[in-house]
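Contents: one structure, followed by commentary.
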Amino acid sequence: RIQILFELADVIRIIMADPKHTWGYTLWDKYDRVLEHTETGLEFTNKCSHFIRDRIKVEHDYVKSLRNLKKKYKLKNSDGSDFDIFTTVKSYSVILDQLELIAREHEIFAERLEDDIFTKIRHLYKEVTNNRKNLCNTGNQLKQTYQQQQDQLEKARQKYEKMARESEAANIAFQKVNDDMNVSRAQLEKSRATKEQRLDIMDKAKGDYIIQIEKTNNFQHDYYLETWPSLLNQMQKVEENRVDELGSLLKQKCVLHKNTLPQVEQCIDNMIATCENISSTQDSDLLMEERTMANYPPDHEFIEFGAKPPSNFSTNPSMRKTKKDRKKTKVRNIAVFTHC
């Protein structure tokens, strides 16, 4: 009952604001158009919910694709190589890590879409569907009651016309009998009684007809000025609430999307920053650190047939440093610098 009172209060506020800008005033004779409009609005709401549902699926598919992409192109260091020390490789690894963060932001966006938007639009659709169904049932009942009143009036009118014709026929028959000098007094009195009886029946039918006219007019006045406009104004309220709520939810969807952009942009900025750290000189220096300086091979000398080659003869002019050797070199250099 409290909910009904609130709804009636809203309808009264609409009417008091400007009665001529209400459905009850403007569209009182366009009920079919109102039904068509509200049905189209429901279909559109349902379509919006399907759009959000598919939008969520797109986000989940995108998240899955990004993570599969990272997994596919992630560097594997199973061979024990130290290739990951170079600036290009380090930047590439950062890019893959930021890709995971971007995927997470899209995943959060999809979850918020489902919890905050899709669920509410589905609830809105069901609520408006039920409200519209109830109002349509009320409208059908009102139209049925209106038609019953019209039928009762027509029935009373037809009965009155029938009784009037029969009364008129009885009166004509009495006049004929009264003018006939050969008719007995008993026949005359019988004809008079029939005439008076038909007249009484006609008068009663006429009174019933007049009462039914007044009753139907009162019902019709209340129907067109109160009951029917109130129903259309309630349908207007339901429709306008649907539009406002749907507009708010679509706006929230856009705001949620916008809020993810700074996070994604930050990830992209991190990618750009790590790419700016790529240095060909530094990578060359890292490569050169892998090798120790060695003496150039000595000049070749003539070796007599059958003689042994000199002991300093070597075909390996340098040795490749391991990662452990490079660390020892750095520590030694730091120690020397500190001692100095």
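The values are calculated or read from the model by the stated rules, or taken from the named source; none is laboratory data. It should be emphasised that the depicted structure is a prediction, and the values quoted were computed from it without experimental measurement. A quick note on method: Cβ atoms are made from the backbone with ideal geometry, for glycine too, and the neighbour counts reach across all protein chains shown. What goes into the accessible areas is simple: the full protein's heavy atoms, side chains included, and nothing from ligands, DNA or RNA. Shrake-Rupley method; radii C 1.70, N 1.55, O 1.52, S 1.80 Å.
Computed values, structure above
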quantity: Matching option when the condition is more than 30 Å from Cys254 (Cβ to Cβ), surrounded by 14 or more Cβ atoms within 10 Å (Cβ to Cβ) and modelled with pLDDT under 90, among Phe174, Phe83; calculated: Phe174
quantity: Complete set of residues in segment 59-77 that are basic (Lys, Arg) and open to solvent by 70 Å² or more (accessible area, probe 1.4 Å); calculated: Lys64, Arg67, Lys71, Lys72, Lys74, Lys76
quantity: Qualifying positions in segment 36-47 - open to solvent by less than 40 Å² (accessible area, probe 1.4 Å) and among the hydrophobic types (A, V, I, L, M, F, W, C); calculated: Leu42
quantity: Condition broken by Gln148, with the remaining ones in (1) part of a helix (DSSP H, G or I); (2) in contact with a Leu (Cβ under 9 Å, 6 or more places away or on another chain); (3) not acidic (Asp, Glu) satisfied; calculated: (2)
quantity: Residue among Ile102, Ile56, Ile117 that alone is under 20 Å from His257 (Cβ atoms), among the hydrophobic types (A, V, I, L, M, F, W, C) and in contact with a Phe, Trp or Tyr (Cβ under 7 Å, 6 or more places away or on another chain); calculated: Ile56
quantity: Thr194 vs. criteria in a helix (DSSP H, G or I), of a type in the set (Val, Ile, Thr), touching an Asp or Glu at 6+ places or on another chain (Cβ under 6 Å) and buried (at least 16 other Cβ atoms within 10 Å of the Cβ); calculated: no
quantity: Condition check for Met163: open to solvent by less than 50 Å² (accessible area, probe 1.4 Å) and either out of contact with any Leu (no Cβ under 9 Å at 6 or more places or on another chain) or not β-branched (Val, Ile, Thr) (or both); calculated: yes
quantity: Any hit, segment 124-131, residues being crowded, with 16+ Cβ neighbours inside 10 Å, within 12 Å of the chain's Cα centre (by Cα) and β-branched (Val, Ile, Thr); calculated: no
quantity: Check on Glu240, loosely packed, with under 12 Cβ neighbours inside 10 Å and free of Cβ contacts under 8 Å to residues at least 12 places away in the same chain; calculated: no
quantity: The listed residue being under 30 Å from Gln98 (Cβ atoms), open to solvent by 60 Å² or more (accessible area, probe 1.4 Å) and either of a type in the set (A, V, I, L, M) or in contact with a Leu (Cβ under 7 Å, 6 or more places away or on another chain) (or both), out of Leu256, Leu261, Leu225; calculated: Leu261
quantity: Matching entry among Ile95, Ile121, Ile56 (being β-branched (Val, Ile, Thr), at pLDDT below 95, crowded, with 17+ Cβ neighbours inside 10 Å and part of a helix (DSSP H, G or I)); calculated: Ile95
quantity: Pairs with Cβ under 7 Å, 6+ apart, first in segment 166-187 and without any contact (Cβ under 8 Å) to a residue 12 or more places away in the chain and outside any helix (DSSP H, G or I), second open to solvent by less than 70 Å² (accessible area, probe 1.4 Å) and not aromatic (Phe, Trp, Tyr); calculated: Val183/Val177
quantity: Qualifying residue in segment 197-210 (condition: in a helix (DSSP H, G or I), within 30 Å of Arg112 (Cα to Cα), of a type in the set (Asp, Glu) and open to solvent by 70 Å² or more (accessible area, probe 1.4 Å)); calculated: no
quantity: So Gln266, is it at pLDDT 50 or above, in contact with a Ser or Thr (Cβ under 9 Å, 6 or more places away or on another chain), open to solvent by 60 Å² or more (accessible area, probe 1.4 Å) and assigned to a helix (DSSP H, G or I); calculated: no
quantity: Any pair with Cβ under 6 angstrom, 6 or more apart, that starts in segment 31-52 at a residue that is farther than 16 Å from Leu113 by Cβ and ends at one that is open to solvent by less than 100 Å² (accessible area, probe 1.4 Å) and not in a helix (DSSP H, G or I); calculated: Val34/Leu27
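Okay, residues lined up against (1) under 26 Å from Thr88 (Cβ atoms); (2) modelled with pLDDT of 85 or more; (3) in a strand (DSSP E or B); (4) not basic (Lys, Arg):
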residue	(1), (2), (3), (4)
Met271	yes, yes, no, yes
Thr274	yes, yes, no, yes
Leu287	yes, no, no, yes
Phe305	no, no, no, yes
Lys308	no, no, no, no
Lys324	yes, no, no, no
Thr329	yes, no, no, yes
Asn333	yes, no, no, yes
Phe337	no, no, no, yes
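Yes or no, residue by residue, for (1) under 15 Å from Val238 (Cβ atoms); (2) modelled with pLDDT of 80 or more:
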residue: Ile2; (1), (2): no, no
residue: Glu7; (1), (2): yes, no
residue: Val11; (1), (2): yes, no
residue: Thr22; (1), (2): yes, yes
residue: Leu27; (1), (2): yes, yes
